[in-house]
Every structure is written in structure tokens, then in C-alpha cells.
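The values are calculated or read from the model by the stated rules, or taken from the named source; none is laboratory data. No experiment lies behind these values; they were computed from the predicted model shown. Cβ placement follows ideal geometry from the backbone for every residue including glycine, while neighbour counts extend to all protein chains displayed.
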Amino acid sequence: MIEIKNLTKVYPARDRPVTALDGVDLSVAAGEVYGVVGQSGAGKSTLIRCVNLLERPTSGTVTVAGRELTALSGRQLRAERRRIGMVFQHFNLLSSRTARENVELPLEIEGRLTRRERRAKADELLDVVGLTDRAGAHPAQLSGGQKQRVGIARALAADPHVLLSDEATSALDPETTRSVLKLLKEVNERLGVTVLLITHEMEVVKAVCDSAALMRDGRIAESGTISELLTREHSELARELFQLGPAPEPSGLPDTTVLDVTFHGDSTAQPLVSQLARTYSVDVTILGAAIETVNGQTVGRMRIGLPGRFEENVVPIGFLRERGLNVEVVTAGVTAGAAADGTGHSFEEVAS
């Protein structure tokens, strides 16, 4: 549905040009909710504005629903842009218009429907977002969550095949955020709209995203479906989704191999750690654990310690991996003496 290839955006500046996007490649499948996450200044908002060409990229291509937008201009681009709805962080509602009239605005600009048809369409969309009883209210009479719901209804007015969301929940309280995210997921499932959302909050990714990408310094550092990311070793996104704290110093756990183990699917209901302990008569130390619901799926992550160095625990680690668990070695274990004098070896050295 959305294909972005080698996208670059450079802003001129007095001292030197600022590169906001540096060769970005991104692929969003039709019908999915795709989250782009990263810190402020990573290039997320520039990226989403390049998708509908509110910002024209310096180089690269953007293709939406089979049309290369970067090759269009004038009337053709305006026509394609109408099929891409956008939800803004600060709502961008017209204070002089009611909720219904704000939703009607894109239809008025398009000029295709009669006044009665516009009103009926707006009322239908306000019903979709749960605001039928607030159709005559002005923005000043609405809560933040209600304003964002009006913004979502307005973005859907032209029957878009893509919905862009630029930090749509960052100005909302946690409870309202959950309700708006639930609405976005319902819109995605009910109307089949592909959703690309920008956020700096991992909770948003957990709640609604099918796939995600991590942006840093104008580049995609990591991307994939949520299920792929959760089973990928050394995944930064997986670590952010399940924060178990910083890795322990080897000197704090001498003679111990520390593992981060991710459970997903059927494995979440299996007593695999206790089976490991019984099968190999090994004392397993639980150092941390978290269970999360990620896009409706229960996923768990546990940090455990096994006595001995990595090479002594190859078989127990294999036991876990053979049962479909993602196992990441955090520390490979060093002897007490090596930990004290700093001569221990890293996991990479041991594994090689």
C-alpha cells in the first residue's frame, strides 16, 4: 500500500544543510497498522508529511496504492492526496464550525456532494467515532478526546485508503489515549483503512500496531512485524517493548550466564523454565519478568540466570530455543576471579 524508497529530505540552513531524512526505505502492507517510533528529532514527522507530499522530498520515491506520488504535480497530486486522510496532534479544528461542519469541510472542498449528502456523510462518520450526540457542538465545548475523534471523522470523510496519524495521542491523558487508539484499530478493521502512525510512545505500538519501525537520526534503524521483532535477537524495539532494566554487570553475577527469554504464542502457557530446571537439574534464578498484551497477543519476557559460563549452558539454551523461545544472551558468565580483576570475556569472544 505504501512503498518508500531511498527517501531523503534536506533543509537548507545558514551554517550547513540539515538532513531530516537520510535514505529511508519503508514498506507498509495494505490493511495493517504500522507504527514509526523514535525520539524527538528522529525525522518521524518529516517522514509522514512526505508520504502525502505536504513536504516534498529532496530525492527518493513515495508510492501509495500503486501511484508514485513523487512523480505527480498539480491536479493529479491533489486528487491522490484526497485519498490520504491525516489526523493531527493538536486537532486543527475550525473553532467557528460545529463538529458536523468540521467533518463536512473536506467534502465541501471536494465539491462532489450536495449539502444534504454532505450532512448525511458527516453524521454517519460521527456515529462511527461515537459522537452522534455532539454533532452540533463547537470545539470549545468538546474534550480533547472528543476533538480528536472529530479529527478522525474528518480525515475519513473522503473515503481514504490510507490514514496518517502524526502523534495523534501525545496531547491526551492515558485513558483518553487508550480510547482513541481503540477507535483507530476499529476504523482499521471496520473500514479496511491502512494506518501509518507516528509516535514516541511504546504503549501506542503495543496497543494497536501490526508492524513497527524504529527511527534514529533520519534513518530506519530497525523494522518488521511485531511478531518478527519479538523473536529477533538483539532487537532494540523488543527491548523497549519489554523493559527489564539495564543488563547486569558481570561482576555482580559471577559464574552466571544471564539470558533474556521471550515467550509468545502457545509457549506463554507452558512451564518451560521449570521443565528446564527439572530436566537438567539446574538452579534457575529469575532476575526479572514482564507480561504484556501486544496488539491483542499475550507475550512475556523473562530475565533468568543459569549457573556457569556460556559454554557450560549451551545445551540448556538449546532446550529453550528448540521450544520456539527467543533466547538472547545478556552476559556470558565469568569466574569470580576474572570478574574481580576485569579479565572476563564477552559473549562474542566465548561464542567464537
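Evaluation of ALA212 against the conditions (1) under 30 Å from ALA157 (Cα atoms); (2) surrounded by fewer than 18 Cβ atoms within 10 Å (Cβ to Cβ); (3) small (Gly, Ala, Ser) shows that the sole unmet condition is (2). Note on the stretch 241-268: residues that are of a type in the set (S, T, N, Q) and modelled with pLDDT under 75 amount to 4.
Of the conditions (1) out of contact with any Pro (no Cβ under 9 Å at 6 or more places or on another chain); (2) exposed (fewer than 13 other Cβ atoms within 10 Å of the Cβ); (3) not in a helix (DSSP H, G or I), GLY35 clears all except one; give me its number. Among (1) out of contact with any Pro (no Cβ under 9 Å at 6 or more places or on another chain); (2) exposed (fewer than 13 other Cβ atoms within 10 Å of the Cβ); (3) not in a helix (DSSP H, G or I), the lone unmet condition for GLY35 is (2). One residue stands out in the stretch 106-118 among those that are surrounded by 15 or more Cβ atoms within 10 Å (Cβ to Cβ) and of a type in the set (A, V, I, L, M, F, W, C): the one that is farthest from VAL150 (Cα to Cα), namely LEU113.
Test ARG112 against the criterion of being of a type in the set (Lys, Arg), in the same structural domain as VAL193 (by TED's automatic domain parsing), out of contact with any His (no Cβ under 7 Å at 6 or more places or on another chain) and in a loop (DSSP other than H, G, I, E, B), and give yes or no. Yes: the conditions hold for ARG112. Taking the stretch 92-148, which residues are among the β-branched types (Val, Ile, Thr) and within 20 Å of VAL187 (Cα to Cα)? VAL103, VAL128, VAL129, THR132 - these are the residues of the stretch 92-148 that are among the β-branched types (Val, Ile, Thr) and within 20 Å of VAL187 (Cα to Cα). Does the stretch 158-167 include one or more residues that are among the small types (Gly, Ala, Ser), surrounded by fewer than 21 Cβ atoms within 10 Å (Cβ to Cβ) and touching a His at 6+ places or on another chain (Cβ under 7 Å)? For the stretch 158-167, residues among the small types (Gly, Ala, Ser), surrounded by fewer than 21 Cβ atoms within 10 Å (Cβ to Cβ) and touching a His at 6+ places or on another chain (Cβ under 7 Å): absent. In this structure, VAL103 does not qualify as surrounded by 15 or more Cβ atoms within 10 Å (Cβ to Cβ), outside any helix (DSSP H, G or I) and assigned by TED's automatic domain parsing to the domain that holds PRO160.
Taken together, GLY337, GLY300 contain a single residue that is part of a helix (DSSP H, G or I), at pLDDT below 90 and in the same structural domain as PHE263 (by TED's automatic domain parsing), which is GLY337.
Yes or no, residue by residue, for (1) under 30 Å from ASP25 (Cα atoms); (2) more than 23 Å from the chain's Cα centre (by Cα); (3) surrounded by 16 or more Cβ atoms within 10 Å (Cβ to Cβ):
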| position | (1), (2), (3) |
| --- | --- |
| LEU184 | yes, no, yes |
| THR194 | yes, no, yes |
| ALA221 | yes, no, no |
| LEU230 | yes, no, yes |
| LEU241 | yes, no, yes |
| LEU276 | no, yes, yes |
| ALA289 | no, no, no |
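Among what's in the stretch 67-100 and is polar (S, T, N, Q) and outside any loop (DSSP other than H, G, I, E, B), pick the residue that is farthest from ALA157 (Cα to Cα).
By that ranking, first place goes to THR70.
Close Cβ contacts (under 8 Å, 6 or more residues apart or on different chains) running from residues in the stretch 59-82 that are within 15 Å of ASP25 (Cα to Cα) to residues that are of a type outside the set (Ser, Thr, Tyr) and exposed (fewer than 14 other Cβ atoms within 10 Å of the Cβ) comprise SER59/ASN6; GLY60/ASN6; THR61/ASN6; THR61/GLU68; THR61/ALA71; VAL62/GLU68; THR70/ARG56. Looking at SER235, SER227, just one residue is touching a residue at least 12 places away in the same chain (Cβ under 8 Å), small (Gly, Ala, Ser) and closer than 25 Å to SER45 by Cβ, and that residue is SER235.
Here ALA137 passes the criteria (1) assigned to a helix (DSSP H, G or I); (2) over 30 Å from ALA212 (Cα atoms); (3) not acidic (Asp, Glu) except the one numbered (1). Of all residues in the stretch 39-66, those being part of a loop (DSSP other than H, G, I, E, B), surrounded by fewer than 23 Cβ atoms within 10 Å (Cβ to Cβ) and at positive phi number 4. Of VAL87, VAL10, VAL28, all but one fail to be closer than 22 Å to GLY224 by Cβ and either under 23 Å from the mean Cα position of the chain (by Cα) or not hydroxyl-bearing (Ser, Thr, Tyr) (or both); the exception is VAL28.
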